[in-house]
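Reviewing the structure listed below.
Only the coordinates and a few stated rules stand behind these numbers; no lab work does. Keep in mind that this is a model prediction, so the values were computed, not measured. Counting neighbours? That spans all protein chains shown, and the Cβs are built from the backbone with ideal geometry, glycine included.
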Ligand SMILES: C=CC1=C(C)c2cc3[nH]c(cc4nc(cc5[nH]c(cc1n2)c(C)c5CCC(=O)O)C(CCC(=O)O)=C4C)c(C)c3C=C
Ligand SMILES: [Fe+2]
Ligand SMILES: [Fe+2]
């Protein structure tokens, strides 16, 4: 029997420093997130980051936390329930880090008799710190606890016409009656090193002005290419004039070079260039979370206005919008039917 596991990143159990520390410890000790030798990762995470960051992050989580819990978890649960109402097969939810684990999600499906699982990493763009770690962790749990389960992985959907359509329509809806100078597509950043590491050709990705526009099989795993492509396709869909929109990368951690331009630097630069009315969209996230609600919607507005900006609008993520629920359900139902036909 077939079933689906939707997987996102996860949140701490509460916005208290103790729970945030536990969550950050699991997250940042992931070798695909801080990709240095284990001894160095242990030193950096346990010896340095976990001494100061949990307190700071807990304050940020407290600003956005809902009565029901973490926005990312609550929104993902609402999404899963709505998809389940329409899907022909059982649909479960798991998180890469924290209590709502991938193992629990697989167990829930197993208990319903599922032995063929469609794994849906809820990230439009491929990165070793998001998609790859979800895939590898799911395979690990399957081999350890559910050896008779078969997994099928949904590929990154950054350029899928359905995703581009729902994202573009959401932007269009939110732009109605809004007088704006510029739209910023702000994606979660990653270290530049990760782009080179996931380049299967080991020579294509130069992280320069042209590599991401030059066709290559490297792009199947190039986060930077995939982000630029989402923007390009949305801009085409919405007929956005050249120069009226741009890309940036947010949420950097540590001193290594991350993908540029940095979102916070763009907030400082735009008002100087006369871009005083700004709209920000965050397409790397399908559900609103700390990084969109605090870093972009709250801190971003403050930074932009301090630099001389006047109007600022953050467009929410797709969350549990019916149009996005319908798309996900269609992908799931098409898979379940296609598999049935093949194996019949
Ligand atoms: C969209 C995909 C994501 C990628 C790629 C990603 C890479 C990445 N993240 C960190 C460090 C942190 N990220 C944090 C929060 C966070 N990150 C994502 C998604 C991606 N991260 C989401 C959805 C969230 C929000 C979680 C929530 O509970 O709402 C945090 C925690 C908060 C903080 O202290 O800032 C950290 C830390 C790294 C180092 C990285 C790539 C190497
Ligand atoms: Fe992150
Ligand atoms: Fe590239």
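If packing is taken as the mean number of other Cβ atoms within 10 Å per residue, what is the order of 316-328, 34-46, 118-130, 191-203, highest first? Can you show the working numbers first?
Working: 316-328: 19.4, 34-46: 13.8, 118-130: 23.4, 191-203: 16.5.
Sorting 316-328, 34-46, 118-130, 191-203 by mean packing, highest first, produces 118-130, 316-328, 191-203, 34-46.
Would you mind telling me the antiparallel percentage of the DSSP bridges in the range 161-315, rounded to 5?
On the way: 1 of 17 bridges.
The answer is about 5 percent antiparallel.
Based on the Cβ-Cβ distance of residue 176 and residue 66, what FRET efficiency does E = 1/(1 + (r/R0)^6) give at R0 = 30 Å, to the nearest 0.05?
Values: r = 27 Å, r/R0 = 0.90.
Taking R0 as 30 Å, the efficiency between residue 176 and residue 66 is 0.65.
Relative to the compact globular guide of 2.2 N^0.38 Å, what is the alpha carbon radius of gyration of the range 247-344, as a ratio?
Values: Rg = 18.8 Å, N = 98, 2.2 N^0.38 = 12.6 Å.
Cα Rg divided by the expected 2.2 N^0.38 Å: 1.50.
Could you give me D for the range 151-240, from Stokes-Einstein at 10 °C and 1.306 mPa s, where the hydrodynamic radius is the Kirkwood radius over C-alpha pairs? Units µm² s⁻¹, please.
Details: Rh = 14.7 Å.
For these conditions, the coefficient is 108 µm²/s.
Checking the a/c ratio against 1.5 first, then a/b against b/c, what shape does the Cα gyration tensor give for the range 43-82?
On the way: a/c = 5.78, a/b = 2.22, b/c = 2.60.
In terms of gyration-tensor shape, oblate.
At a threshold of 8 angstrom on Cα-Cα distance, excluding pairs fewer than six apart, so keeping six or more, what relative contact order does the chain reach in percent? Walk me through the numbers before you get to the answer.
Working: 550 pairs, mean separation 71.4, N = 344.
Once normalised by length, the contact order is 21 percent.
Which whole-number percent gives the relative contact order of the range 161-315, counting Cα pairs below 8 Å spaced six or more residues apart?
Working: 210 pairs, mean separation 49.3, N = 155.
Relative CO of the range 161-315 lands at 32 percent.
Between 220, 306, 268, which gets the highest mean-square fluctuation from a Gaussian network model of the chain, Cα cutoff 10 Å?
306
How high is the relative contact order of the range 1-123, in percent, with contacts defined as C-alpha pairs under 8 Å that are six or more residues apart?
Values: 171 pairs, mean separation 60.0, N = 123.
The normalised contact order for the range 1-123 reaches 49 percent.
Could you tell me what fraction of 2.2 N^0.38 Å the Cα radius of gyration of the range 39-130 comes to, as a two-decimal ratio? Before the final figure, lay out each step's value.
Values: Rg = 16.9 Å, N = 92, 2.2 N^0.38 = 12.3 Å.
Output field value: 1.38.
Mind checking the angle between helix 223-238 and the chain's longest principal axis? C-alpha axes, 0 to 90 degrees, to the nearest 10.
For 223-238 against the chain, the angle is about 70 degrees.
Can you give the calculated 222 nm mean residue ellipticity of the chain, where each DSSP H run of n ≥ 4 adds -39,500 (n - 2.57) and the sum is split over every residue, rounded to the nearest 500 deg cm²/dmol?
-13500 deg cm²/dmol
Dimensions of the range 161-315 along principal axes (Cα, Å, largest first)?
So the three principal-axis extents are 45, 36, 29 Å.
Could you tell me the convex hull volume per residue, in Å³, taken over the Cα atoms of the chain?
About 150 Å³ per residue, rounded to a whole number.
So, in Å, what gap is there between the alpha-carbon centers of the range 224-238 and the range 47-99?
27
Among DSSP beta bridges lying fully in the chain, give the percent that are antiparallel, nearest 5. Please list the in-between numbers first.
Details: 2 of 34 bridges.
Of those bridges, close to 5 percent are antiparallel.
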